[in-house]
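Just so you know, all these numbers are worked out from the coordinates, no wet-lab data involved. None of the values given here were measured: they were computed from a predicted structure. Positions of Cβ are generated from backbone atoms using ideal geometry, with glycine treated the same way; all protein chains shown enter the neighbour counts.
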């Protein structure tokens with residue numbers, strides 16, 4: 001019995017079991033030997049369950065160690081300390097589970113950055129004990145997915161911004177193309193002239209009654225050198241720019257001119273607006 005008690009003090013519990021079994025072999029039905037033997041086996045079992053992360057089973061075994069009548073006070077004290085550690089681990093486990101659920105809720109709401117922050121913080125904690133194996137696995141799996149989704153979102157956002165920028169640049173280019181057509185134009189043979197503005201355009205043929213002025217419903221740049229004009233009447237020709245000062249309109253070539261040069265075509269008979 002004394003050798004078994006000494007083994008308990010030295011925390012060599014398997015050895016203590018052997019001595020207590022020897023004591024029972026020497027003196028059958030000895031209550032103290034039976035109590036010490038059962039208590040030591042329960043403590044060994046509790047330790048095993050604790051190390052395996054099976055806290056509920058460990059706590060049940062520790063309770064039996066503490067409540068054992070006629071057992072070792074040393075084992076009772078150690079069992080109480082181990083029970084405190086189990087309680088602390090269980091409290092942490094509950095807190096980690098709650099944090100995981102918060103991260104999962106953020107993930108489900110597609111708030112990946114917020115989810116990642118919570119999960120990263122969890123993984124900074126000491127999760128080496130087996131009791132945390134399951135929650136650690138869930139945290140790592142969710143974190144990986146959240147990072148993948150956040151990366152996809154960032155890539156999509158980048159692509160969206162690039163597309164918007166490309167659209168803006170294209171729109172800017174079209175507007176610049178449109179602006180190149182504004183002004184007065186005189187036909188090659190100086191028998192006609194036109195004025196193109198933002199809201200209207202007007203053309204006339206010299207020594208004839210052919211003249212029109214129409215409001216522009218829309219004027220759209222098609223590329224760097226072409227625009228399409230849609231008049232209020234529905235007339236919608238395409239104008240082609242060659243260089244900065246030459247325009248082709250319905251097969252005729254026009255050259256850029258001043259208002260005075262354009263109106264000179266009509267010798268005062270017409271006056272382009």
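The table for this structure:
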{"read-out": "Option label - Cα Rg over 2.2 N^0.38 Å computed here, alternatives (i) 1.11; (ii) 1.01; (iii) 2.47", "value": "(iii)"}
{"read-out": "Residue 161-residue 9 FRET efficiency (beta carbon distance; Förster radius 45 Å; 0.05 resolution)", "value": "0.05"}
{"read-out": "Estimated FRET transfer efficiency (residue 48, residue 140; beta-carbon r; R0 22 Å; 0.05)", "value": "0.25"}
{"read-out": "Helical contribution to [θ] at 222 nm, DSSP H n ≥ 4, -39,500 (n - 2.57), averaged over the chain, rounded to 500", "value": "-20000 deg cm²/dmol"}
{"read-out": "Between the range 41-85 and the range 164-237, the alpha-carbon center distance in angstrom", "value": "93"}
{"read-out": "Descending semi-axes in Å of the range 38-167, equivalent ellipsoid built from Cα gyration tensor", "value": "48, 10, 9"}
{"read-out": "Column: log10 I(q)/I(0), Debye, Cα scatterers of the range 182-264, q = 0.14, 0.25 Å⁻¹", "value": "-0.43, -1.40"}
{"read-out": "Stretch gain in nm, segment residue 259-residue 1, where the contour uses 0.36 nm per residue and the Cα spacing is subtracted", "value": "80.6 nm"}
{"read-out": "Rounded FRET efficiency, nearest 0.05, which uses the C-beta distance separating residue 175 from residue 209 and R0 of 25 Å", "value": "0.10"}
